[in-house]
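The values are calculated or read from the model by the stated rules, or taken from the named source; none is laboratory data. Small disclaimer: the values here were computed from a predicted structure and weren't measured. We place every Cβ from the backbone using ideal geometry, glycine too, and count neighbours over all the protein chains shown.
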Amino acid sequence: MLATPEEIEKQIPELIKLRAQYGITERPFVVWKPFPASCTRQNRHAYLQACRHVDVFSPNHLEISALFEDTSPKGFQPDQLEAYALEFCKGTGVSGNGIVVVRCGEYGSLTTRNAATAKQVWVPSYYEAGAAEVVDATGGGNTYLGGFLQGW
């Protein structure tokens, strides 16, 4: 879902209720890509609350940074991103067992699972063999997330 926290808070319980009306008792697997314009420090609490409804929360590195900072980050800061992801991982998922996948463009991705054990994995970006660098990461994070979910 591409949504704001308010949409998640409203739509996920509604989806579960509709499924129950049709005899579907299994909880849906929900992946949330946040609506970029709503990623502000003032909305962080709403995001943290809404994460309890989803299985995977996947902002990009600029979106998660915007939930903690008023200005754009000065350069790429992996340590800071790890701390931000851990903060969100604590409440992601119905039982706190969700995953946070931070898509970081040419820097790859950070996956955080189970805040209690602080399991974090960085996956480097992929680019064609022989290429000197990532030329354009546009769409790469979304593609990665799709592949990650299919593999999971």
Taking the options Q80, Q150, name whichever one is at pLDDT below 90, out of contact with any Cys (no Cβ under 8 Å at 6 or more places or on another chain) and in a helix (DSSP H, G or I). Q150
Among the residues that make up segment 55-63, is at least one of them more than 20 Å from Y144 (Cβ to Cβ) and aromatic (F, W, Y)? no
Being out of contact with any strand residue (DSSP E or B) (no Cβ under 8 Å at 6 or more places or on another chain), surrounded by 12 or more Cβ atoms within 10 Å (Cβ to Cβ), farther than 25 Å from S72 by Cα and not basic (K, R) is the filter here, so list the residues in segment 3-17 that pass it. E7, E9, I12, L15, I16
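Each row is one residue, and each column tells you yes or no for (1) over 17 Å from the mean Cα position of the chain (by Cα); (2) surrounded by fewer than 15 Cβ atoms within 10 Å (Cβ to Cβ); (3) farther than 27 Å from G108 by Cβ; (4) of a type in the set (D, E, K, R).
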residue: M1; (1), (2), (3), (4): no, no, no, no
residue: R19; (1), (2), (3), (4): yes, yes, yes, yes
residue: Y22; (1), (2), (3), (4): yes, yes, yes, no
residue: R27; (1), (2), (3), (4): yes, yes, yes, yes
residue: S38; (1), (2), (3), (4): no, no, no, no
residue: L48; (1), (2), (3), (4): no, no, no, no
residue: D55; (1), (2), (3), (4): no, no, no, yes
residue: H61; (1), (2), (3), (4): no, no, no, no
Condition broken by D70, with the remaining ones in (1) surrounded by 13 or more Cβ atoms within 10 Å (Cβ to Cβ); (2) touching a Lys or Arg at 6+ places or on another chain (Cβ under 8 Å) satisfied: (1)
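Could you tell me which residue of segment 57-77 is nearest to V31 (Cα to Cα), considering only residues that are in contact (Cβ under 8 Å) with a residue 40 or more places away in the chain and either in a loop (DSSP other than H, G, I, E, B) or among the aliphatic types (A, V, I, L, M) (or both)?
Ranking the qualifying residues of segment 57-77, first place goes to S58.
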